[in-house]
C-alpha cells in the first residue's frame, strides 16, 4: 500500500496537489482514500464536483453518538476516490490537532482500511505544523512517506525546511520519512534554481514540477481536478508522472 502525507506552507497548494494526485492514482486503476486534515475541510471538494463531504468533527457535534458506518462520514468522488474530511473545532474553540486525533481513532474503530482495502491513502495536512495532532498522519503506521509542497517563495521554502527538519527528528521513532519535494510553481524569479538548491542541500529529490497554469483554476471553478477536466493537458501529465513514479517504487519493494 502507498501511504503518503502531504505537507507544506498554508496556501501553497497542498489540497490541489493531493486531489490531483488522488485522481491520477484512481485513473491508474488504484483504490484511493484521501483524508483532508484541515478544519477548512476543503481538501476533497474538487473530487466531489464542488459539493463538500460532511466533516467528521461536524458530524460528532451534530449527533449524540459516534457514526457506526463509514458511509456517514465519507463520500465517493471522481474515480471512486473515498473522500473524508476531519474538520475541526468550532472556530475560536478547541484544538484543530485534536480533531485529527479524534478522527483517526474513529476511523480505526470503523475498520476503514480493512473494509475499503485501499491501494493508496493520501493525507492532506494543514499548514507547516508538524507537532501534536498534525504529526498524527506520520506516526503509528498511517503514512510511510511525506511529500513537501513548496514554491520558490522565501516563506514557502522556510516552511519546507521546518517540515523536513521536524520529520527528521522523528526518524528514530519509525515515523514516515520525507520522500521528496513537489515544486508547485508561482513563477517567482529563479524559482527552479532556488527550489533545487534547497532540495540538494536537504538531500531530497524534486519528485514533481507542477507548472503554474490557468487550467487548475478553470477546472477548480467547475469543482474538478485537471485530471478529470483535461487529462491530456501538461499539468495533468505531471501528476500522472508523479503517480506512476510512486507506483513503480511501491512495486519494487
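The values are calculated or read from the model by the stated rules, or taken from the named source; none is laboratory data. Here the structure is a predicted model, which means the values were calculated and not measured. Positions of Cβ are generated from backbone atoms using ideal geometry, with glycine treated the same way; all protein chains shown enter the neighbour counts.
A few notes on this one:
- Among residues of region 162-176 being free of Cβ contacts under 8 Å to residues at least 12 places away in the same chain and part of a helix (DSSP H, G or I), the one that is surrounded by the most Cβ atoms within 10 Å (Cβ to Cβ) is 168.
- Any pair with Cβ under 9 angstrom, 6 or more apart, that starts in region 177-189 at a residue that is on the phi > 0 side of the Ramachandran plot and modelled with pLDDT of 95 or more and ends at one that is surrounded by 23 or more Cβ atoms within 10 Å (Cβ to Cβ) and not in a strand (DSSP E or B): 187/151
Yes/no matrix, rows are residues, columns are (1) surrounded by 17 or more Cβ atoms within 10 Å (Cβ to Cβ); (2) under 15 Å from residue 124 (Cα atoms); (3) over 16 Å from the mean Cα position of the chain (by Cα):
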position	(1), (2), (3)
23	yes, yes, no
40	no, yes, no
46	yes, yes, no
61	no, no, yes
77	yes, no, no
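- Test for residue 194: is it at pLDDT below 90, farther than 17 Å from residue 34 by Cα and either outside any strand (DSSP E or B) or touching a helix residue (DSSP H, G or I) at 6+ places or on another chain (Cβ under 7 Å) (or both): no
- None of 64, 58 is part of a helix (DSSP H, G or I) and farther than 30 Å from residue 181 by Cβ except 58.
- Here the condition is being assigned to a loop (DSSP other than H, G, I, E, B), closer than 15 Å to residue 125 by Cα and within 20 Å of the chain's Cα centre (by Cα); of 143, 159, 135, it holds for 143 alone.
- Residue 156 crowded, with 16+ Cβ neighbours inside 10 Å and touching a residue at least 60 places away in the same chain (Cβ under 8 Å): yes
- Looking at 12, 6, just one residue is surrounded by 14 or more Cβ atoms within 10 Å (Cβ to Cβ), assigned to a loop (DSSP other than H, G, I, E, B), in contact (Cβ under 8 Å) with a residue 40 or more places away in the chain and touching a helix residue (DSSP H, G or I) at 6+ places or on another chain (Cβ under 7 Å), and that residue is 12.
- Residues of region 177-195 that turn out to be surrounded by fewer than 16 Cβ atoms within 10 Å (Cβ to Cβ) and farther than 30 Å from residue 141 by Cβ, as a count: 7
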